[in-house]
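Colleague: Got a structure for you, questions after.
Rule-based calculations on the coordinates, nothing more; no lab input. Predicted, not measured: the structure shown is a model, and the values here were computed from it. Reconstructed Cβ throughout: ideal geometry from the backbone, glycine too, with neighbour counts over all protein chains shown.
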C-alpha cells in the first residue's frame, strides 16, 4: 500500500478544476493568497486568505473566478486512503458526509492558520522521515485527527437536526445512505433498499448516481469495506469471525469481495496496519 502522499503548494496539483466533476481525490488546504470561488454540489463559497477548505473524495465540485495570485497549501487524499482514515474513527454515520457538502469552508484566525500549516509540516516530516514500513499508518493517524475535529464540530452544531438537505433527491440519497449504513452487512442487493424507500430500483440507482457520483452498489460496498477494515484492526477477531459478522456465506467469498475492492486479501491488509491488541 504505497499511495503517494504529499503536502502541496503547486496549484496545478489541486484536484478540483473549472469544469464541474466528481472528485477522484479530496483535499484539505488553507488559502495563503488571492481568491477563488469553489462550488460543491449547489453551494458556492468565495475563498480568501486564511480560509480552510475541506473537500471529500467523490464530491461534485468545481473552482472558478481564480485570481492570478491564488495559492493554497494543501494535502490530497484519494478514496482508498480516505476510507482507511474513516475505518479508524469508529462508526461515523452518513449524515456527516452530507453535512460536509454544505460546510466545506471555514475562515480561520491567524493562530489557527499557523496551526494548520504546522500540522502540514508534521505530516510532511513524518511522511519523509518515518520507517517506510510504517509511514502510511502514521499519516493515517494524523489525518484521523484532522477529520475527527470536523466530526466533533458537526456533532456540536447540528444537534441532530438534519438542516443540510435541500431537495427530494438529496433526501432520498441521505435515507438510502443511512439504510445502507445500518443494513449493509445483511443486505447488499439494491431491491432491499428501493422497497424500503418505496421507489423503483431504477430510480434509486439514477438518484444515487446523480447525488453521490456512485452507484448504489458502490456506496454499499464502501460501507462494507470500512466495516471489514475496522474489524481487521481488532486482533481479537479472526478472519472467520469477521466473515460471520459481515454477513458473508464463507471466508473465501468475503476475501474475494475484499480483494476486489482493495487489491489485497484481508490477511495482507492486516499485515500493513497496527492492530489493536
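Colleague: If you rank 89, 143 by fewest surrounding Cβ atoms within 10 Å, what's the result?
Modeller: 89, 143
Colleague: Per residue of the chain, what 222 nm ellipticity follows from adding -39500 (n - 2.57) for every DSSP H run with n ≥ 4, rounded to the nearest 500?
Modeller: -16000 deg cm²/dmol
Colleague: Between residue 203 and residue 153, 0.36 nm times their residue separation minus their Cα-Cα distance comes to what?
Modeller: Extra length available between residue 203 and residue 153 comes to 14.6 nm.
Colleague: Let me ask you something else. Separation between the residue 48 and residue 182 pseudo-spin-labels, each 7 Å from Cα along Cα→Cβ, expressed in nm?
Modeller: 4.4
Colleague: Taking the Cα centroid of the range 30-71 and of the range 86-133, what is the distance between the two, rounded to the nearest whole Å?
Modeller: 16
Colleague: Using 1/(1 + (r/R0)^6) with R0 = 30 angstrom and r between the beta carbons of residue 111 and residue 245, what's the FRET efficiency to the nearest 0.05?
Modeller: 0.10
Colleague: Only counting other Cβ atoms within 10 Å, I'd like 194, 265 sorted with the fewest neighbours first.
Modeller: Going from sparsest to densest Cβ surroundings: 265, 194.
Colleague: Using Cβ counts within 10 Å as a stand-in for footprinting exposure, how do 68, 112, 149, 84 rank, fewest first?
Modeller: Ascending Cβ contact count within 10 Å gives the list 68, 149, 112, 84.
Colleague: Any idea what Rg and Dmax come out to for the chain if you just take the C-alpha atoms, in Å?
Modeller: Computed over the Cα atoms of the chain, radius of gyration and Dmax are 19.3, 57 Å.
Colleague: For the range 185-231 and the range 259-274, write down the distance between their C-alpha centroids in whole Å.
Modeller: Each part reduced to its Cα centre gives a spacing of 23 Å.
Colleague: Applying 1/(1 + (r/R0)^6) with R0 = 22 Å to the Cβ-Cβ distance of residue 9 and residue 135, what FRET efficiency is obtained, to the nearest 0.05?
Modeller: So, using R0 = 22 Å, E works out to roughly 0.60.
Colleague: Find the Rg to Rh ratio for the range 168-272, where Rh is the Kirkwood radius over alpha-carbon pairs and Rg uses the same atoms.
Modeller: 1.02
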